[in-house]
Protein chains: 2
Amino acid sequence: MGNNLSNEKGVRQVKDNVIKLKELLRKAHEGVPLDILKKELKEALSGLNPFEVVLAEQELLKEGFTPQEIFKVCDIHVEMLRDSLLKVSLPYEVPVGHPLHDLISENEELLKDLEKLSVLSQALKGFGKKDEILEEIYSILKSLRDFKKHYRKLQALVFPYLERRGITAVPRVLWSKEDQAMLYLRNLLNEIEGLKASKDFSITALDEVVNKIAFLTREFTDIVFRESKILFPAIQLLFSEGEWVAIKESESDIGFYKVRPEAGVWKPSAEPIYPYQIRPEVSEEVLSKLPAEFRAVVESRGEFLDVYNPAEVKGRIKIGDGYLTLEELESLINALPVEISFIDANDRFVFYSKNKDKIFVRTKVEVGRPVEFCHPPRSVHIVKKIVEEFKAGKRDSADFWINMGGRLIYIKYLPVRSSEGKYLGTLEVVQDITDIKKIEGEKRLLD
Amino acid sequence: MGNNLSNEKGVRQVKDNVIKLKELLRKAHEGVPLDILKKELKEALSGLNPFEVVLAEQELLKEGFTPQEIFKVCDIHVEMLRDSLLKVSLPYEVPVGHPLHDLISENEELLKDLEKLSVLSQALKGFGKKDEILEEIYSILKSLRDFKKHYRKLQALVFPYLERRGITAVPRVLWSKEDQAMLYLRNLLNEIEGLKASKDFSITALDEVVNKIAFLTREFTDIVFRESKILFPAIQLLFSEGEWVAIKESESDIGFYKVRPEAGVWKPSAEPIYPYQIRPEVSEEVLSKLPAEFRAVVESRGEFLDVYNPAEVKGRIKIGDGYLTLEELESLINALPVEISFIDANDRFVFYSKNKDKIFVRTKVEVGRPVEFCHPPRSVHIVKKIVEEFKAGKRDSADFWINMGGRLIYIKYLPVRSSEGKYLGTLEVVQDITDIKKIEGEKRLLD
């Protein structure tokens, strides 16, 4: 279709469609509900390829339509893309509520925002108020930072299942691209903040913003393309229902980009399966259907299969979602940069951490002691009051800080409750915050 | 003896002894070693009661001896008190290295310092340089703060065994007095700091200091008296060797006041017994020997005996020195004001805390994942380097801080080592320090 542009007929067709779009947007402007115009808008858009849509939007802008009016076209355009661009490569239908469905919906939201950015970029070159348009660009870019949740879900929930199957290059490359895109976004935001602060709306400065938005858009859409054409088809083929159930369990801990999946719509029957529990074999049938990038890796992986099982290390017990030996657990608690003491629901002191160079020494001899005997008579009524308020659910912490030999010591009392909210005891956390108070600026892993 | 002062003979005797002391101190001043003079000094002192010693020291001061020279008299005087004041009430000999021996030695050190304070108080009323004498008083008072270690050992190691025997009033009263004395000391130090800062060496101001030192001295010696005459004889009778072994185990965690007990001198054969393991019965024989304050309580305690055993609560496992159920342990970790993640010695992510509103979300799906896959390719080499340095023992922490949506997030990597120093893994601790950075001044439990 792209070369239609070069001949008379193609150009005329684009023009006709733009005229049609204008007419429809004018109707929308006059109050005709979008639902009624949708069918015709889709018809007008269907005659255009993505590049032509950008040109058409540019045209509309020149004609005096506001970016906000053109955004309606963007939304409908992306809806139209849903079936073609986002799903066409998938071997099977994706049920609503399935984690893959959520991932696809997020990509759709991303594409809408990118198209809006494109419209606003064009507007920035036109006659509108630069500061207002830039503000709108800034606001969309800022909201895009939240797209890291989409990437995070891939990185934390999807990639581990690929790694266990010996497929490590594809996720590593994708993560790199995701990381670069988010970094580019962060720098671009800083740059725009600079322009806003200095009120520099010169053509040079704004041109650079426009170019960078174009670059960022290419980066983001490239990732959408890789996900849609390669990653998603492959994981739909490879992952069992139990794996998706495990992914579903955790996806809302990470969150979503502009998508609010309803709970309980997707009703799988399998139990969750975690990466260290999967069977990495790939059947001949699945293998034959895999995208080429995956097929080559799976065929050659052989000895690289990861067989480590965290639950099967000698002496390990299940703690929360993880696995630790008692030695690891104790040593980990003792290595904490805070001191902890715990009194149970019977008001008995039953546990303390053995940190190096303790601020408040606790001893074995005190284990089992009633809390009221652990404090000087002068302050015991206050400790009791705090504990009573924790028990009654009236309070969620009690904080104190004192000077001790030139160090500032922070003491925090916290109620400990079971996952059902039952009071299990009170935790005392003691921390030397002298050095923390001096921290300024940033010190990143890569500085 | 006190009324000897009122008759001619008594006064003459005191005078003779003071003349003798002066002569001996003059010899010391001229270089005769103290060891040679000790016997004669003791003889001169033995003719004086404690009050007369104070008068004698006052006399020496007037004669022009420096406080430092008179301190020698103090030391020898307290040594003489050791047998009479400190040990006379004990039913049995106390072996060197026994925790009770350490407690008695600390009291002796305290009495020496109090006697020095008394000499300096007298000097403050005389003709010496007020600022220098005040500085010396301040320095001794400052070192006295460390006497809280003596009290802490009683409060944390001795009292729990009494409480388990139903004896709670005596320890509570003692703790109150100890607490008051330390508080009085703290306020006095603040006051002297004020005088030093304002260079106010007026008679009124210094008189108040002298009076307060006298009050503090009375408070401290009153506690020494109660310990020596009541507490120590009682616990020597009541506590079994196993209990003293448990006390010995922990005493050096708390520390000592100017005493450095040699290890391995006392050689008990019993295994340590903790308070919740003791048999609270008191034999008729022991009962008959107990100080009256204790006998009455033991005879009437009956139903108040504490039988709670932290190890016997259903589902409890031993963690460090304490006891927790897995539910308590998990909930306690999740209640921490810091987020933790742990990779084991195989470089596998195997555990994370499930705090409310996590800054960095971790998921079940990641459990078992190699650490190199848990980070973006861009920074993985740095993470690996940190872990390698932890493994090699070349590094003890790696700290970073970043801004996230207006919050300052502190990220600390720490090596986790077994008690034998073996590398067990790396801990990541994440903390929002935005509010901590704003903390100023003090907020005490009793404010």
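Summary of values
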read-out	value
Simple spin-label estimate for residue B:187 and residue B:214 in nanometres, 7 Å along Cα-Cβ	1.8
Candidate aspartates and glutamates - alpha carbon under 17 Å from residue A:212, same-chain residues fewer than 8 apart omitted	A:113, A:115, A:135, A:136, A:178, A:179, A:191, A:193, A:200, A:222
Sites residue B:372 and residue A:327, calculated FRET efficiency, Cβ-Cβ separation with R0 25 Å, nearest 0.05	0.55
Spatially proximal aspartates and glutamates relative to residue A:39 (Cα-Cα < 14 Å; intrachain offsets below 8 disregarded)	A:23, A:75, A:79
Alpha-carbon spread of chain A, three principal axes, descending order, Å	94, 61, 43
Mean Cβ neighbour count within 10 Å, used as a protection proxy, ranking A:112-123, A:354-365 highest first	A:112-123, A:354-365
Shape of segment A:212-325, Cα gyration tensor, a/c cut at 1.5	oblate
With Cα atoms, 0 to 90° folded angle of helix A:99-125 axis to chain A main axis	60
Cα-Cα over 26 Å, subset of A:148/A:438; B:112/B:142; B:72/B:267; A:22/A:196; B:38/B:116	A:148/A:438; B:72/B:267; A:22/A:196
Sequence-distant lysines (8 or more away, or on other chains) whose Cα lies within less than 23 Å of residue B:314	A:318, A:364, A:391, A:422
Segment A:322-438: C-alpha gyration tensor shape, a/c 1.5 cut-off, then a/b vs b/c	rounded
Fewest-first ranking of A:153, A:38, using other Cβ atoms within 10 Å as the exposure measure	A:38, A:153
Other protein chain Cβ atoms within 10 Å, averaged over every residue that makes up A:430-439	3
For segment B:192-304, with +1 on Lys and Arg beta carbons and -1 on Asp and Glu, the positive-most of B:230, B:268, B:245 along the dipole	B:230
Radius of gyration, Dmax [the protein assembly as shown; alpha carbons; angstrom]	38.6, 138
Average partner coverage of A:306-316, which counts Cβ from other chains inside 10 Å	3
Exam field: residue B:284 pseudo-label spacings to other copies (7 Å along Cα-Cβ), nanometres	9.4
Shielding score for A:353-365, defined as the mean number of other chain Cβ atoms within 10 Å	6
Nearest 10 degrees, 0 to 90: helix A:67-81 Cα axis against chain A principal axis	90
Nearest 10 degrees, 0 to 90: helix B:169-198 Cα axis against chain B principal axis	80
Using distinct alpha-carbon pairs, which all enter the 1/r mean, Kirkwood radius of segment A:259-342 in Å	17.6
For peptides B:231-240, A:188-197, sequence by mean Cβ density within 10 Å, most packed first	B:231-240, A:188-197
Farthest toward positive dipole pole in segment B:333-438 [+1 Lys/Arg, -1 Asp/Glu at C-beta], among B:376, B:398, B:415	B:376
Gap separating the Cα centres of segment A:217-268 and segment A:94-153, nearest whole Å	18
Cut-off 14 Å (backbone N to label point 7 Å along Cα→Cβ of residue B:66), residues of segment B:112-128	B:128
Within segment A:178-195: backbone nitrogen closer than 17 Å to the residue B:404 label point (7 Å, Cα to C-beta)	A:179, A:182-183, A:186
Cα-only Debye scattering, segment A:66-277: base-10 log of I(q)/I(0) at q = 0.08, 0.10 Å⁻¹	-0.32, -0.48
Ranking of A:184, A:410 by count of other Cβ atoms within 10 Å, fewest first	A:184, A:410
For B:439, A:340, order by how many other beta-carbon atoms lie within 10 Å, fewest first	B:439, A:340
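Every number here is computed from the coordinates shown, using simple stated rules; none is lab data. Computed from a predicted structure; not experimentally measured. Cβ sites come from the backbone with ideal geometry, for glycine too, and all protein chains shown count toward neighbours.
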